[in-house]
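The values are calculated or read from the model by the stated rules, or taken from the named source; none is laboratory data. This one's a predicted model, so the numbers in the text were calculated from it and none came from an experiment. FYI the Cβ positions are ideal-geometry reconstructions off the backbone, even for glycines, and counts take in every protein chain you see.
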Amino acid sequence: MGFSFRHYIHIIMETKFQPTNETPLAALTIGQFKELIVTMVQPQQIIQTKQESFPDTFGKNECSQLTGYSVNTINKMICEKKIPYYKKNAKVIFKRAEIEDWLLSNRIQTVEEFLEQKENQLSNGKGAR
């Protein structure tokens with residue numbers, strides 16, 4: 001049972017978009033493609049679920065999952081005191097808020113922010129150093 005390309009276009013344009021396994025991607029409008037993507041991937045739910053799954057305090061394995069670093073890298077950063085942590089006897093504990101702040105602590109300026117900063121320095125007479 002073969003349908004023509006025009007038949008697919010007619011079906012897609014005339015009805016609420018409900019793709020099937022036979023719907024060709026090339027026949028979609030941009031709006032229909034966006035709708036398809038939204039129904040397939042729901043990023044807010046993924047982010048929210050990930051954040052809710054981590055307790056306020058956790059160990060090395062959970063820290064590895066949250067940061068994306070391996071446990072070996074976490075251990076190295078602990079030894080070098082490059083990551084915020086607590087230690088009770090032999091147990092290493094991390095606070096989620098501190099780890100999230102630490103991950104976001106080294107923000108890099110955009111080109112626009114850099115240029116604006118330099119323009120402000122020049123206009124205030126400080127010069128660009």
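Brief remarks on what is shown
- Residue match in segment 87-97 (condition: loosely packed, with under 13 Cβ neighbours inside 10 Å, of a type in the set (G, A, S) and either modelled with pLDDT of 95 or more or in a helix (DSSP H, G or I) (or both)): yes
- All helices (runs of 4 or more DSSP H) inside segment 1-84 with 2 or more residues being modelled with pLDDT of 65 or more and of a type in the set (D, E, K, R): 30-40, 60-67
- The residues of segment 101-116 that are surrounded by 12 or more Cβ atoms within 10 Å (Cβ to Cβ) and without any contact (Cβ under 8 Å) to a residue 12 or more places away in the chain amount to a single one, E116.
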